[in-house]
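Read-outs: derived from the displayed coordinates by stated rules, not from any lab. It should be emphasised that the depicted structure is a prediction, and the values quoted were computed from it without experimental measurement. As a convention, Cβ positions derive from the backbone with ideal geometry for all residues, glycine included, and neighbour counts pool all protein chains shown.
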Amino acid sequence: MKTPRFFLGVILLFWGWQVGLLWLGLGLAVVLESARWAKTRFELQASDFNKFVDISTVLLAFTILAALTTDAKKANLILLRWLPLIFFPIIGVQEFSAKGRMDVKSFFFATRKKTEMRFYETKEIDVSYIYAFVCLMSSAYANAKGSFYYFCVVLFFVWGLWQFRSRRGPLAAWITCILIVALTGYHGQNLARQAGRTLSRWIMSHYAYTMDPFKTYTALGEIGDLKFSDRIVLRASFEDYAPGKTYLLHSATYNRFASSNWFAKYGFERVEGKKDGGFWQVNPPRENPLKMTQYFRLQKGRAVLSLPPGVIDISEMKAGDCEKNAVQVVRIEDGPSLIKAVVSYTGASTYDALPGTDDYSVPVKEKPVFEAAAKNLGLEDKSEEEILKTVHGFFLTQFAYSLELKGKGKAGTPLENFLFHTKAGHCEFFATATVLLLRQAGIPARYATGFIAHEYSRLEGGLIVRLRDAHAWAKVFVNGQWRNFDTTPPSFLNIDEEQIPTSFLEDLFSFFGFKLSRLRHETGAKLVETYGLWLMLPLGLMLLLRLRRSGQIKRIKDRDRPGRKKKGRARATGFYRIEEILSEKGGPRRPHETYASWLKRISRQWDNPALMEQLFQALDQHNQWRFGRPEQREDLKRKLEENLMALSEKLLARP
Amino acid sequence: MMMPRFLYRSYWLLHRVSFRVKRHVTPAGAMMTAVFCITALFGLNMYKTTLYQVMALSLSLLLVSAVLSLMPFRPRLRLRHILPVYGTVGEKSVYSIEITNLGQKPERGIILYEDPADPRPDLNTLLTRKEPYEHLRNAWDRKTLYYRWAWLVLKSGKARLRPIILPDLPPGETLSIAADFTPNYRGYLHFTGVTLARPDILGLFMRNFRIQKTEKLLVLPRRYALDPPELTSSRQYHPGGVNLASSIGNSDEFMSLRYYRPGDPLHHIHWRTFARTGELVIKEFEDEFFVRYALVLDTFVPPERERVFEEAVSIAASYIASMDPHDAILDLVLGSHAMDAFSSGRGLGGSEKMLEILSCVESCPDKTVLELKPVLESGLKKISGAIIIFSGWSRDHEEICRIIHEALVPAFVIALAEDARQKETIVRETGGSPYPVRVVQIGAVPEELSIP
């Protein structure tokens, strides 16, 4: 069934408006709606329809390719946005063809070839409603907040369903039903959104136990594994960079320690931001912030950001969604595979939540060990600053950095072994022991993980962060503020470099890969966005020229356009002009009935002998005109026309 | 066996489900269901798009509509089908339905579905019959038997019956509605009743009301306007036919002498009288008027030559329909499960009986044309001419021609070819035939068999 008048045009305009292609939408709408007024149609063969379907297929392939090239992660969304344009050749050819419908076999390559093997009837469909739905679906790309999109969808549904309504019930009943549907749907979509978010959170929390980027617990020793890779994971440039300066880039903070693992149970909240501009306001603005720029890749569409302390905002970051928790862990979802982020930060003060009871607790199992350590250091009687100094000095002077994992040895726990026997370990041991020792001394402390940026690359002209630079340190709450407190001996960087050599060739490849990705995401996306549409123009022109040259397009006069009455025949021939009126008033003529027998049947219903006599007289005149002598035809026709004019008026006046 | 049985049960069930869905869901409803499924599939990520809003609205529409469609529907209508006796393959059959509203309320927006007999084949038929294009299908299609199932269902269903949207029916009034369908296959089309469907107020789902009514219609094979072939033994001198014939006798019985008239056969000239008088005088024999023809139809066609078989049946039906039943007796000789010969004509059943037989005839792929030999040998003594329609050409066909020729029966032989290449081959091969063979390409029968 055909869509109502202007339906497709309006829906295309809506699409254009929503996805930011209003002029394109307007153009397509005008072309489609003009089909209703145009007096010509194209007489196309099945092979011509196939060609237009092929154009859509080529456009689809082209869009998929372009989307994958510019932004593989958002390819489905890019595709969704351009769907109405991709399928426009199909709806266009249907609307302008004399047939006005599409053969189903045109859509499948297999059935096109197997025409000679088909024993079933050809099935033709009208794709206008399907196309309208594609436009509506594509409009959802805009992801408009609030109920506006829903309201528009309701309007389009009502408009589209109007012609399908049953005529058995009164109009009021139909309107009531539609209202019920709209209200139920509204509550339903609210419910769906809430359910979806709950499900999404549940999935994310589930993933948090198994996936690296969203991990909210850690294990001692895990960093040791990571450190054996020299893969570059992040590229950063700081505006205050000076040779030799190192930066701690914080990823996650944990506050509960149990069974050699750190846990955190902070819920995430959305960060307000503008997706198009890529600006995210993480914390309230401050004056004179520091700036740093970083590039990193998403893992399975998600990432936990590694950020300097006291992040205020992030700009130029094209992410689908951004969330943070109370301990300033920022994670993002969706976006191009290579993410650029320009971060404004304070550099010192952080926005972490105030200490809670968890930040003071030492696990029962570890308590005797840390009580003994605190006693040995004499931390009970010291001030906060003195404690920090003592602890820092304790680890710096008495401990050594080692990547060797020695387990718990003869001691009760790995930490006891580290503090009293081996006195050597990797950063996790230092960080964990520091946190628990400070807590034992009454200072709130947390365990933080992230990266240490220290390696300057001449090739890239900035700092590069490798996987082996993963680091753990403590966060302490002193003087009403949280600050980083790293007790791992500084020599660890040299040891890492010695034990995990880097490959210049790998770095070179990585650099070229990075440059290529930047070119693709930053320059390529703009190119496709700006000129992509123009690339389709020669494609269409080529097709038109090909069809014209082979003479497959014929322009014919449209006589039987839907929605138009066949006026031509009625004007040309006499009695036929009142046939339609008679059918409406007295019932249609049956296939076997002659005009005379039909009039006789009607006369029994009407009980108007005078009118019936006139009708029979007109029929006689009609027969004489049609089958009588040629020389009398003109005269008869004139009389007949006069008679019929009067008759049609009388008939129309009848109830 | 396990697999085909499982496939059969699956197709059987699927057909039933699809039939019921079509009767309970309007096209708009089907579209809305598709909208719901697509948006549910692609709208799951609520952070990316607002498709979930379309999903919620479409689900709400479907639910409300489904609930509304449960409202009772018991129309008080009387229906009468006025079906034609015969339909023809490929030609529109027009019929009418008279509907009377016996209730107190007007009936509006009702859709009428004709209920044909269940077209699903049984397991044995599915396993033994082959569809015409099976030899071209790939291994998977052949294994899954889907096309075979679809073909059997279509063949058994005969025609696609479209739903009819009834006009408004005021209480107590009778309306006559014209409807039509185009049969695709020959045979009996059985109707078991009609289903009246009432869409709900939103127009997505329907509630049904079934009226049982048994009717049937015979779909005849496609027929062409062919002239009957001129067989030399046919009647020539009794333009009035049997009714005006003055006497009855055998054709070789001498009756009298008369002057020559243009068109008389030269071998009947009485040369002695010509020698004596110099005038052409002809021997007049008792004219044969009780002509008995045989129409031999080759039904021994493999499934992949289904189109050829249908064309052969159409040609046979065309000759039967064009012959005057008062002047001749026609024996239809064909092989189905057993070899049969049916007679029609003067004093016997009319040609419509023959057409009925042809409408229901099936091919016999497991036998050869030589199976007709015993029937022909016993019947050839009685017949004075034969029309033989072969679906191809082989030594067996040549043998059949030889048998008929030895009985001195004049015959008009047609051999059908699928395409131009096969036609050329058959033309070459029929060189040794005792009769000239008309090789006809399917799809061009009227052009090739009509006498100009």
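Side notes on the structure shown:
- With the charge dipole of chain A set up from +1 on Lys and Arg Cβ and -1 on Asp and Glu Cβ about the Cα centre, the Cα lying farthest toward the positive end among the listed residues A:Pro591, A:Leu79, A:Leu388 is that of A:Pro591.
- Each of A:Gln614, A:Tyr141, A:Gly169 was scored by the projection of its Cα onto the charge dipole of chain A, and the greatest displacement toward the positive side belongs to A:Gln614; charges sit on the C-beta of Lys, Arg, Asp and Glu.
- Helix-only CD estimate at 222 nm, as mean residue ellipticity for chain A, using -39500 (n - 2.57) per DSSP H run (n ≥ 4): -15000 deg cm²/dmol
- Beta bridge orientation in the protein assembly as shown: antiparallel %, DSSP, nearest 5: 80 percent
- Shielding by other protein chains, A:144-153, mean Cβ within 10 Å: 3
- Lys, Arg +1 and Asp, Glu -1 on Cβ, resulting dipole of chain A about Cα centre, debye, nearest 20: 4400 debye
- Cβ-defined net charge surrounding A:Gly513, 13 Å radius [Lys, Arg +1; Asp, Glu -1]: +3
- Given R0 = 25 Å, the distance between the Cβ atoms of B:Lys143 and B:Asp118 translates into a calculated FRET efficiency of 0.45.
- Think of the range B:2-220 as a dipole: +1 on every Lys or Arg Cβ, -1 on every Asp or Glu Cβ, centred on the Cα centre; then among B:Ile164, B:Leu145, B:Pro27, B:Leu145 lies furthest on the positive end.
- Remark: mean inter-chain Cβ contacts per residue of B:55-68 equal 6, using a 10 Å Cβ-Cβ cutoff to other protein chain atoms.
- Principal axis dimensions, largest first and in whole angstrom, of the range B:371-413 by Cα: 26, 20, 15
- Whole-number D in µm² s⁻¹ for the range B:2-220, Kirkwood Cα-pair radius fed into Stokes-Einstein, 37 °C, 0.692 mPa s: 163 µm²/s
- Where the Cα pairs of the range A:567-653 fall when distances are cut into 10 Å bins, in %: 17, 53, 28, 3
- In the range A:14-62, inverting the average of 1/r over every pair of distinct C-alpha atoms gives 13.0 Å as the Kirkwood radius.
- Computed over the alpha-carbon pairs of chain A, the distance histogram in 20 Å steps reads 14, 31, 24, 16, 9, 5, 1 percent, short to long.
- Counting Lys and Arg as +1 and Asp and Glu as -1 over every other residue whose Cβ lies under 9 Å from the Cβ of B:Ala197, the net charge comes to +3.
- Given A:Lys74/A:Lys145; A:Lys2/A:Lys51; A:Lys123/B:Lys353; A:Lys585/B:Lys213, the pairs whose alpha carbons are separated by over 29 Å: A:Lys123/B:Lys353; A:Lys585/B:Lys213
- Calculated on the Cα set of the range B:389-432, radius of gyration then Dmax: 10.9, 33 Å.
- When you filter the trypsin sites (Lys or Arg not before Pro) in the range A:404-496 for DSSP loop state and at most 11 other Cβ atoms inside 10 Å of their Cβ, you are left with A:Lys410, A:Arg458.
- In chain A the longest region clear of GluC sites (Glu not before Pro) that are loop-assigned by DSSP and have at most 12 other C-beta atoms within 10 Å covers A:405-655.
- The dipole here belongs to the protein assembly as shown: it is taken about the Cα centre, uses +1 on the Cβ of Lys and Arg and -1 on the Cβ of Asp and Glu, and is about 2440 debye.
- 10 Å Cβ neighbours from other chains, averaged over peptide B:196-202: 5
- Across chain B, the relative contact order, built from alpha-carbon pairs under 8 Å that are at least six residues apart, equals 13 percent.
- In chain B, one over the average inverse separation of all distinct C-alpha pairs is 26.8 Å, which is the Kirkwood hydrodynamic radius.
- Cα centre as origin, Lys/Arg/Asp/Glu Cβ charges: the range B:2-220 dipole, Debye: 620 debye
- Counted by Cβ distance under 12 Å from A:Trp159, the other residues give a net charge of +2, where Lys and Arg count +1 and Asp and Glu count -1.
- As a ratio to 2.2 N^0.38 Å, the alpha-carbon radius of gyration for the range A:343-418 is 1.41.
- The label point for A:Glu272 and the one for A:Thr413, both projected 7 Å from the Cα toward the Cβ, are 4.3 nm apart.
- Counted by neighbouring Cβ atoms within 10 Å, the residues A:Leu191, A:Leu640 run from fewest to most as A:Leu191, A:Leu640.
- Size descriptor, Kirkwood hydrodynamic radius, that averages inverse alpha-carbon separations across the protein assembly as shown, Å: 38.8 Å
- Column: log10 I(q)/I(0), Debye, Cα scatterers of the range B:291-449, q = 0.11 Å⁻¹: -0.39
- Chain B, helix-only ellipticity at 222 nm - DSSP H runs n ≥ 4, -39,500 (n - 2.57), divided by all residues, nearest 500: -10000 deg cm²/dmol
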